[in-house]
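Take a look at the following structure, please.
The values are calculated or read from the model by the stated rules, or taken from the named source; none is laboratory data. These numbers come from a predicted model, not from an experiment. Cβ placement follows ideal geometry from the backbone for every residue including glycine, while neighbour counts extend to all protein chains displayed. All accessible areas refer to the heavy atoms of the entire protein, side chains included, with ligands and DNA or RNA removed. Shrake-Rupley method; radii C 1.70, N 1.55, O 1.52, S 1.80 Å.
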Amino acid sequence: MNIGFTYGGPAATSFSVMNGTTALATGSASPVRVTGSGLLNLGQVYTVTVRVNYLGNWTSTSTATARIQTALVGTNLSCA
């Protein structure tokens, strides 16, 4: 599943899709692709946020959330 978002803040080094304090996926731009990768349990619903990662250890997490649920499609795990 691709998590898309718009960002108009200061230059970021990357963006992470978060479930609580766990980063499910990280990318350099929108959208960030989230796959099963052993982090997500089949059929479980997750509420995710997007965290902006800046230089060093500086971060900022969105207040907006999205709910995702994993499903088995073909032979690969993906989010539906």
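For every residue, the table says whether it meets (1) among the β-branched types (Val, Ile, Thr); (2) within 11 Å of the chain's Cα centre (by Cα); (3) surrounded by 15 or more Cβ atoms within 10 Å (Cβ to Cβ); (4) assigned to a strand (DSSP E or B).
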| residue | (1), (2), (3), (4) |
| --- | --- |
| Phe5 | no, yes, yes, no |
| Gly8 | no, no, no, no |
| Ala11 | no, no, no, no |
| Ala25 | no, yes, yes, yes |
| Ser30 | no, yes, no, no |
| Asn41 | no, no, no, no |
| Tyr46 | no, yes, yes, yes |
| Val52 | yes, yes, yes, yes |
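Continuing with the same structure: From the set of residues in region 13-23 that are of a type in the set (S, T, N, Q) and part of a strand (DSSP E or B), which is surrounded by the most Cβ atoms within 10 Å (Cβ to Cβ)?
Ranking the candidates gives Ser16 first.
Which residues, taken from region 47-58, are without any contact (Cβ under 8 Å) to a residue 40 or more places away in the chain and out of contact with any Ser or Thr (no Cβ under 6 Å at 6 or more places or on another chain)?
Hits for region 47-58 are Gly56, Asn57, Trp58.
Can you tell me how many residues in region 54-73 are modelled with pLDDT under 75 and open to solvent by 70 Å² or more (accessible area, probe 1.4 Å)?
Total satisfying the criteria: 2.
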